[in-house]
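> Before we start, here is the structure in question, set down as structure tokens.
Derivation of every value follows stated rules applied to the coordinates shown; laboratory data play no part. Every value quoted in this text rests on a predicted model; they were computed, and no experiment measured them. Neighbour counts are summed over all protein chains in view; Cβ atoms, including those assigned to glycine, are modelled from backbone coordinates with ideal geometry.
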Amino acid sequence: MKEIRNLQLSEFQKEIINKLDDEYCYKISSQEQNKDTAINIIDNDGNFLLEISSSDDYVSINELIKNREKSIENLNGYLKKSLNMCKPYTESIENHKKTIKLLELILKENK
């Protein structure tokens, strides 16, 4: 197993490590087959967020941002569609609640 000091990190990778705050952790992994050293960034809950390879730079990071924004847009569209499919059910639930309230009022008047 290689020691971290023997791994070859790009200047960009070193810069990213220095920018990480307490919200993030990183793990360095070396891939023998292509001699690439990657930084895996995770949050404090252990959720994988991002991998930065030695070939990444500001251009690739900007592309990743665009891709993630598009994914969020797609997910929001899907969520909106899903919520619209649930609308009849939520309306039915609200109507049932109103009916129960009315029935309780009727029972209250008879006592």
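> Near the amide H of S54, under 5 Å away, which other amide H atoms are found, from residues 5 or more places off or on another chain, if H is placed in the peptide plane?
Those qualifying (amide H under 5 Å, at least 5 residues apart or on another chain) are T37.
> Working from the alpha-carbon coordinates of the chain, get Rg over Rh, Rh being the Kirkwood radius.
Over the Cα atoms of the chain, Rg/Rh equals 1.40.
> Step through the residues of region 41-57 one at a time and calculate ³J(HN,Hα) from phi using the Karplus curve (6.51 cos²θ - 1.76 cosθ + 1.60, θ = phi - 60°), rounding each to whole Hz and writing x for Gly and Pro.
9, 10, 8, 5, 8, x, 7, 5, 10, 6, 10, 10, 8, 5, 8, 6, 8
> So what's the back-of-envelope 222 nm ellipticity for the chain, counting only DSSP H runs of four-plus at -39500 (n - 2.57) apiece and dividing by all residues, rounded to 500?
Helices in the chain give a 222 nm mean residue ellipticity of -20000 deg cm²/dmol.
> In percent, what relative contact order does region 27-70 have, based on Cα pairs under 8 Å that are 6 or more apart in sequence?
24
> If R₀ is 41 angstrom, what is the calculated FRET efficiency for the pair Y26 and T99, using the beta carbon separation as r and rounding to 0.05?
0.15
> Summing Lys, Arg as +1 and Asp, Glu as -1, what charge do residues with Cβ under 11 Å from the Cβ of E51 carry, E51 excluded?
-1
> Residue farthest toward the positive end of the dipole of region 57-111, with Cβ of Lys/Arg at +1 and Asp/Glu at -1: which of L103, P88, S71?
Going by the charge dipole, the pick is L103.
> Let me ask you something else. Please find, in a Gaussian network model of the chain (springs between Cα atoms separated by less than 10 Å), the residue of E73, E51, E94 whose mean-square fluctuation is greatest.
Between E73, E51, E94, it is E94 that shows the largest mean-square fluctuation.
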